[in-house]
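Everything on this sheet refers to the single structure shown next.
The values are calculated or read from the model by the stated rules, or taken from the named source; none is laboratory data. Just so it is clear, the model here is predicted, and its values are computed rather than measured. Cβ sites come from the backbone with ideal geometry, for glycine too, and all protein chains shown count toward neighbours.
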């Protein structure tokens, strides 16, 4: 996998967050995570980006490759990981989850989106992994 240009990656992130805000403005908080994920995928695709949902992430240990159930909620343009939550409070385990996915996949940028915030900008958590 090639290392993406930081400016292009930031632009991609800005477009994704814009899509999330549009979805949240239309739906508001209080729905299931799966509803937000489906609507966000639709909005991102409408903006011309590629969306993959429920992407399998194998765990590699030495020469062992295990498919033990890790799944990215969304992978955008093969570069940006989105983890959707519909919870009252983002916990350290949620932050650890997205950081682990970034490390396991070698991706640099991820967003943890909490759809249960009154304003989506409070629900956007950006993570950058330095490779």
Hey, can you tell me all the residues within region 76-93 that are in contact (Cβ under 8 Å) with a residue 60 or more places away in the chain and under 15 Å from residue 129 (Cα atoms)? 79, 80, 82
Filter region 39-68 down to the residues that are closer than 17 Å to residue 81 by Cα and in a strand (DSSP E or B), then identify the one that is modelled with the lowest pLDDT. 59
Could you go through region 70-83 and let me know if any residue there is assigned to a helix (DSSP H, G or I), closer than 14 Å to residue 116 by Cα and within 17 Å of the chain's Cα centre (by Cα). no
Sort out which residues of region 94-131 are under 24 Å from residue 78 (Cβ atoms), without any contact (Cβ under 8 Å) to a residue 40 or more places away in the chain and part of a helix (DSSP H, G or I), and write them in order of number. 94, 95, 96, 97, 98, 99, 100, 102, 103
Could you check region 7-38 and list, in sequence order, the residues that are loosely packed, with under 13 Cβ neighbours inside 10 Å, in a helix (DSSP H, G or I) and in contact (Cβ under 8 Å) with a residue 60 or more places away in the chain? 25
